[in-house]
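Read the structure below first, then the notes.
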Amino acid sequence: MQITSNTVFIPGATSGIGLALALALQERGNTVIVGGRRAELLERIRAEHPGIDTVAIDTADPESIRVAARHVLDTHPDLNVLVTMAGIMRAEDWHTPDGFLASAEATVTTNLLGPIRLIGAFIEHLRTRPDATIMTVSSGLAFTPLKATPTYNATKAAIHRLSDSIRLQLADTAVQVVELVPPAVRTALMPGQENSEVAMPLDDYIAEVMQLIETQPDARELQVERVKFLRYSEVRGEYDQVVSVLNATDPHADAAA
């Protein structure tokens, strides 16, 4: 992915990593469209950040994705980058169905079916662009699990393998598939995470990601240094130790107990 001169759609970007990435990309000379469910947040983003376009989209709703995709492509026919940012993370207790089943189904719908449906809505258009990118978003927890969030971990592991697989299938096209692999970042993804000392400051994370995009335009994964502790725990032969450390220090480790 090139650092500038793109037209980028980021659904699920009204806050957190998504919005921060949208603003950073705009600063680098990209046209950016932010998608989200809440009209008031979209209006605020348009007012506070002139030049950023917005579109209403619920990535858990196939019809909403279809309508939003049609609008984005009608208004931004030069679109060449899709970032499948939307996601939810919930603590679960798998001792009883009431502790996890509804949460698990919602998480799979948003975190896995959402990106699949988004890619389905844009892939034919992206294949026509000479320099197109699909950026998926997994997590360090795809590789080393947090016990409080089983379904989140599983969906992010699925996104990792999906990214690898569609990269192989799309090798005969001009579409690049790059996977963003965040560590814990200070956002509102989970209660208390915005102020967590074990999470990476959002500004620091985005700055490092932008540097990676600029210096590694052909990268398959965008890994900041902080996430490599999780990403390569098994490769280093330290999986059990890293699982223990992660679940002892993370503020959500016992949230579902």
Check your understanding: In this structure, is Glu179 at negative phi, over 13 Å from the mean Cα position of the chain (by Cα) and not basic (Lys, Arg)?
Key -> no
Study note, to complete from the structure: Per the filter on region 156-176, residues free of Cβ contacts under 8 Å to residues at least 60 places away in the same chain, surrounded by 20 or more Cβ atoms within 10 Å (Cβ to Cβ) and among the polar types (S, T, N, Q) are Ser163
Review point. Among the residues of region 13-28, is any surrounded by fewer than 20 Cβ atoms within 10 Å (Cβ to Cβ), among the β-branched types (Val, Ile, Thr) and either in a loop (DSSP other than H, G, I, E, B) or in contact with a strand residue (DSSP E or B) (Cβ under 9 Å, 6 or more places away or on another chain) (or both)?
Key: no
Review point. Do we have Leu212 as buried (at least 16 other Cβ atoms within 10 Å of the Cβ) and touching a Leu at 6+ places or on another chain (Cβ under 6 Å) here?
Key: yes
Review point. Any residue in region 110-132 that is closer than 25 Å to Val224 by Cα, touching a residue at least 12 places away in the same chain (Cβ under 8 Å) and not in a helix (DSSP H, G or I)?
Key: yes
Exercise for review: Scan region 177-203 and report the pairs whose first residue is part of a helix (DSSP H, G or I) and whose second residue is among the small types (Gly, Ala, Ser) and surrounded by fewer than 21 Cβ atoms within 10 Å (Cβ to Cβ), with Cβ atoms within less than 6 Å and a gap of 6+ or a chain change.
Suggested key: Glu194/Ala188; Leu202/Ala20
Exercise for review: Identify the residue in region 122-132 that is in contact with a helix residue (DSSP H, G or I) (Cβ under 8 Å, 6 or more places away or on another chain) and surrounded by 20 or more Cβ atoms within 10 Å (Cβ to Cβ) and, among all such residues, is nearest to Thr4 (Cα to Cα).
Suggested key: Ala132
Check your understanding: How many of the residues in region 98-128 are farther than 15 Å from Asn153 by Cβ, of a type in the set (Val, Ile, Thr) and within 14 Å of the chain's Cα centre (by Cα)?
Key -> 2
Practice item. Give just the number: which of (1) crowded, with 17+ Cβ neighbours inside 10 Å; (2) in a loop (DSSP other than H, G, I, E, B) does Gln2 not satisfy? Key: (1)
Review point. Any chance region 31-38 includes a residue that's more than 18 Å from Asp203 (Cβ to Cβ), surrounded by 23 or more Cβ atoms within 10 Å (Cβ to Cβ), at pLDDT below 95 and under 15 Å from the mean Cα position of the chain (by Cα)?
Key: no
Review point. Within region 216-237, is there a residue that is without any contact (Cβ under 8 Å) to a residue 40 or more places away in the chain and either buried (at least 17 other Cβ atoms within 10 Å of the Cβ) or in contact with a strand residue (DSSP E or B) (Cβ under 9 Å, 6 or more places away or on another chain) (or both)?
Key: yes
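Suppose the filter is surrounded by 14 or more Cβ atoms within 10 Å (Cβ to Cβ) and either under 20 Å from Val81 (Cα atoms) or of a type in the set (D, E, K, R) (or both); does Glu197 pass it? Quick ask: steps written out before the conclusion?
Numbers: surrounded by 14 or more Cβ atoms within 10 Å (Cβ to Cβ): no; either under 20 Å from Val81 (Cα atoms) or of a type in the set (D, E, K, R) (or both): yes.
For Glu197, the condition - surrounded by 14 or more Cβ atoms within 10 Å (Cβ to Cβ) and either under 20 Å from Val81 (Cα atoms) or of a type in the set (D, E, K, R) (or both) - is not met.
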Practice item. Determine, yes or no, whether Thr136 is within 23 Å of Pro115 (Cα to Cα), surrounded by 20 or more Cβ atoms within 10 Å (Cβ to Cβ) and either of a type outside the set (D, E, K, R) or touching a His at 6+ places or on another chain (Cβ under 6 Å) (or both). Key: yes
**Study point:** Residues that are in contact with a Lys or Arg (Cβ under 9 Å, 6 or more places away or on another chain), touching a residue at least 24 places away in the same chain (Cβ under 8 Å) and either surrounded by 20 or more Cβ atoms within 10 Å (Cβ to Cβ) or assigned to a helix (DSSP H, G or I) (or both), drawn from region 52-80
**Key:** Ile52, Ile57, Thr59, Pro62, Ile65, Arg66, Leu79, Asn80
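The values are calculated or read from the model by the stated rules, or taken from the named source; none is laboratory data. All figures in this text were calculated on a predicted structure; none of them were measured in a lab. Cβ sites come from the backbone with ideal geometry, for glycine too, and all protein chains shown count toward neighbours.
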